[in-house]
Amino acid sequence: MKFIVNADDCGYSAHVDEHIRNAIALGRVSSTTVMANMADFEGAVKMYAELHDKASFGMHFNLTEGEPLLENQELLDYGFYKTENGKVVFNGKMFKHKYLPKRIKEGIRMELEAQLIKVLDSGIKVSHIDSHHHVHTAPFILPVVTGLAKQYGIKKIRKINNRGFRNIKAFQFLWMQYVRSLAHLSTTTHFYGFDEFLEIAKTHCFPSESVIELMCHPGGKYHPDEEALVLRVDLKKQFDADIINYNNL
């Protein structure tokens, strides 16, 4: 069995980045994903320069928090953006499972491409794609994301949560068929939150060939107990497993 431990939200803030840096340095996190539009993007770039030999660095697409990189009046009028405290910010979370017209998907594509270009232009070699609040898994956003992956030569993507989407197995199956067969993207065999996996592993055995991504949020205010688990639990010892990153997948 192999694990990839991915810290989401790299670049979110200096506080978050300090905690991610520490977890990578201690060998508890093997991968992270970068947000292009948040407060400490430059800190994420510096972290890559320091630690890219110890962890993979992927793209954390964001349509749900903070300010977009591009102005788009059509997305604002549609409600995908909103005005908050005098600033235009993302409002994409409420559209995650809704039908999106072609013109809106094009506006989303332009924003996501701007985010990806910003990361690539900083010198970061993008190992894989995931997203804030998992918007890349949404039915009408997934084709936009996979199109950008193909255009920019990215070969790997975070899979849909094994317990997500109300356990709709047919949807999970079709999602995986799409990314593997049509979009030609590689994924791990399983994906869970770190603490979620530890609970599941108490009663469930995983095949020895499994490659499992575990998501975590060092420094994140909404996950106060998760980081302590990440730093305390020795996955390699407890599960007789290898710790790899997305560059090794």
Legend entry - Extent along principal axes [Cα atoms of the stretch 167-232; Å; largest to smallest]: 39, 27, 22
Legend entry - Gained length - LYS237 relative to VAL89, 0.36 nm times residue gap less alpha-carbon distance: 48.9 nm
Legend entry - Simple Cβ-charge dipole of the stretch 119-162, Lys/Arg +1 and Asp/Glu -1, about Cα centre, in debye nearest 20: 200
Legend entry - Label selected from (i) 1.12; (ii) 0.97; (iii) 1.07, the criterion being Cα Rg over 2.2 N^0.38 Å as computed here: (ii)
Legend entry - Average Cα contact separation per residue, the chain, under 8 Å, 6 or more apart, as relative contact order %: 27
Legend entry - ³J(HN,Hα) computed for each position of the stretch 193-202 - Karplus, 6.51 cos²θ - 1.76 cosθ + 1.60, integer Hz, glycine/proline x: x, 4, 5, 4, 4, 4, 5, 5, 5, 5
Inset, instruction - Evaluate the distance, in nm, between pseudo-label points positioned 7 Å from the Cα of LYS125 and of HIS97 along their respective Cα→Cβ axes. - result: 3.9
Legend entry - Rounded D (µm²/s) - the stretch 53-132, Kirkwood Rh over Cα pairs, Stokes-Einstein at 10 °C, 1.306 mPa s: 117
Inset, instruction - Would you mind calculating the relative contact order of the stretch 31-72 from Cα pairs under 8 angstrom and at least 6 residues apart, reporting the percent as a whole number? - result: 57
Inset, instruction - Please check the chain for the longest run free of GluC sites (Glu not before Pro) that are loop-located per DSSP (anything but H, G, I, E, B) and have at most 14 other Cβ atoms within 10 Å. - result: 72-208
Inset, instruction - Kindly write out, for the stretch 231-239 in residue order, the coupling ³J(HN,Hα) from the Karplus curve 6.51 cos²θ - 1.76 cosθ + 1.60 (θ = phi - 60°), rounded to whole Hz, with x marking Gly and Pro. - result: 6, 8, 7, 8, 4, 4, 6, 5, 10
Inset, instruction - Heavy atoms only, probe 1.4 Å: what % of the accessible area of the chain goes to carbon and sulfur, would you let me know? - result: 52
Legend entry - Kyte-Doolittle at least -1.0, axis length at least 24 Å by Cα - qualifying DSSP helices, the chain: 102-121
Legend entry - Heavy-atom SASA rank of TYR178, TYR99, TYR81 (probe 1.4 Å, accessible area, largest first): TYR99, TYR178, TYR81
Inset, instruction - Starting from the Cα-Cα distance between ASP77 and CYS205, subtract it from 0.36 nm times their residue separation and give me the gain in nm to one decimal. - result: 41.2 nm
Inset, instruction - Could you tally the net charge around HIS52, taking each other residue with its Cβ under 13 Å from the Cβ of HIS52, Lys/Arg +1 and Asp/Glu -1? - result: +2
Legend entry - Proximal charge balance of PHE140 [Cβ under 11 Å; K/R count +1, D/E count -1]: +4
Inset, instruction - Once you have all Cα-Cα distances for the stretch 1-126, histogram them in 10 Å bins from zero and send the whole-percent values. - result: 13, 40, 29, 16, 2
Legend entry - ASP225 versus PHE173: modelled label distance in nm, points set 7 Å from Cα along the beta carbon direction: 3.6
Inset, instruction - Can you check what the net charge comes to around LYS159, using other residues whose Cβ is under 11 Å from the Cβ of LYS159 (Lys, Arg +1; Asp, Glu -1)? - result: +1
Inset, instruction - Could you check the simple spin-label distance between ALA114 and THR189, using points 7 Å along Cα→Cβ, in nm with one decimal? - result: 4.2
Legend entry - Solvent-accessible area per residue for the stretch 169-233 (1.4 angstrom probe, square angstrom): 55
Inset, instruction - Answer with one residue from ASN85, PHE3, ALA25: the one whose Cα lies farthest towards the positive end of the charge dipole of the stretch 1-93, charges on Cβ with Lys, Arg +1 and Asp, Glu -1. - result: PHE3
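The values are calculated or read from the model by the stated rules, or taken from the named source; none is laboratory data. If you're wondering where the values come from, they're calculated on a predicted model, not measured in any experiment. Virtual Cβ from ideal backbone geometry, glycine too; neighbours counted across all protein chains shown. The area values use the complete protein model at the heavy-atom level, side chains included, leaving out ligands, DNA and RNA. Shrake-Rupley method; radii C 1.70, N 1.55, O 1.52, S 1.80 Å.
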